[in-house]
Amino acid sequence: MSEVMISAQHIVKAFGDNEVLKDISFSLEKGKVLSIIGPSGSGKSTLLRIITQLEKADGGNLFIEGEPLFQNQDGKAVYVSSRQQHSLMLKTGLVFQSFNLFPHFTVMRNITEAQRAVLSRSKEEAEERAWAVLKEMNLEDKADSFPSALSGGQKQRVSIARALVIDPKILFFDEPTSALDPELTRQVLSVIKSLSERDMTMVVVTHEMNFARSISDWAIFMENGYIVEEGEPETLFVSPKEERTRAFITSFQD
Ligand code: ADP
Ligand code: MG
């Protein structure tokens with residue numbers, strides 16, 4: 001039996017009177033890759049930020065590896081204790097479009113800081129893990145560099161390394177290549193592809209339709225706070241059922 005890593009049920013979220021997520025449900029099994037596509041403002045980032053605990057949901061249920069993060073009670077999302085929230089947070093890693101590296105820290109320190117603060121690893125343990133991941137990312141020679149000395153593709157690989165050293169069970173990518181030119185985009189996509197080949201469970205928000213189609217096991221098209229359509233990538237990206245999905249995908253083909 002495959003293990004369900006994420007089960008999201010009827011998630012809702014508003015900012016003031018702007019209802020950003022209206023009723024989002026999906027699940028993801030271990031080792032699978034889910035891609036989420038949709039126009040700007042459809043709520044994709046908010047959904048990832050709720051699962052990785054950068055935002056709080058207003059309602060619905062969310063289970064990570066079978067453990068609840070919040071559950072609906074009388075129409076409200078009631079969260080588990082802060083200790084339990086923290087332990088679930090460690091199971092998730094988020095890679096941002098904008099890298100979010102500390103500019104005044106070296107690459108090594110960017111990658112070891114959270115390991116020491118959050119996992120209480122010693123400097124030696126944190127650096128050992130960091131070297132292993134820097135090697136995988138082809139960044140060994142950048143350990144002492146500051147982010148300003150790196151290309152966009154290198155910065156994004158550092159931020160992937162920073163997420164990986166925490167040993168998350170699920171990795172989330174929020175438009176990881178939107179700030180990159182085509183050459184650097186290819187580098188970063190190939191890193192994500194190699195993670196999928198190693199059976200990392202991943203959720204990828206992207207506008208790279210061909211890439212999403214090639215790596216994902218399941219795909220969701222979101223618009224206006226709803227899942228408009230979901231399905232096998234070969235269906236969703238090639239012959240979607242909904243006119244809205246078709247129009248969105250067509251707008252990305254040159
Ligand atoms: P997407 O990632 O699909 O572009 P977002 O989740 O970023 O969509 O945003 C969905 C909507 O939520 C937008 O209307 C956006 O302005 C609004 N929004 C996102 N974050 C905040 C916030 N922190 N405060 C207020 N509104 C927000
Ligand atoms: Mg977004």
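The values are calculated or read from the model by the stated rules, or taken from the named source; none is laboratory data. Only a predicted model underlies this, so the values are computations on that prediction, with no experimental measurement involved. Cβ atoms come from the backbone with ideal geometry, glycine included; neighbour counts cover every protein chain shown. To get the accessible areas, we keep the full protein, side chains included, count just its heavy atoms, and leave off ligands, DNA and RNA. Shrake-Rupley method; radii C 1.70, N 1.55, O 1.52, S 1.80 Å.
Here the condition is being hydroxyl-bearing (Ser, Thr, Tyr), closer than 30 Å to residue 208 by Cα and within 16 Å of ligand 2 (Cβ to nearest atom); of 45, 25, 2, it holds for 45 alone. Of all residues in region 8-24, those satisfying the criterion of being crowded, with 19+ Cβ neighbours inside 10 Å, over 21 Å from residue 233 (Cβ atoms) and of a type outside the set (Val, Ile, Thr) are 13, 21.
Scanning region 213-228 for residues being more than 18 Å from residue 30 (Cβ to Cβ), open to solvent by 20 Å² or more (accessible area, probe 1.4 Å) and either of a type outside the set (A, V, I, L, M, F, W, C) or in contact with a His (Cβ under 9 Å, 6 or more places away or on another chain) (or both) gives a total of 5.
Set side by side, the residues 27, 40 differ, and just one is within 16 Å of ligand 1 (Cβ to nearest atom), free of Cβ contacts under 8 Å to residues at least 24 places away in the same chain and either open to solvent by 50 Å² or more (accessible area, probe 1.4 Å) or in a strand (DSSP E or B) (or both), which is 40. Among the numbered conditions (1) buried (at least 19 other Cβ atoms within 10 Å of the Cβ); (2) modelled with pLDDT under 95; (3) in contact with a helix residue (DSSP H, G or I) (Cβ under 7 Å, 6 or more places away or on another chain); (4) not in a loop (DSSP other than H, G, I, E, B), the only one that residue 180 does not meet is (4). Of the numbered criteria (1) modelled with pLDDT of 90 or more; (2) surrounded by fewer than 18 Cβ atoms within 10 Å (Cβ to Cβ); (3) in contact with a Ser or Thr (Cβ under 9 Å, 6 or more places away or on another chain); (4) under 23 Å from residue 41 (Cα atoms), the one residue 210 fails is (3).
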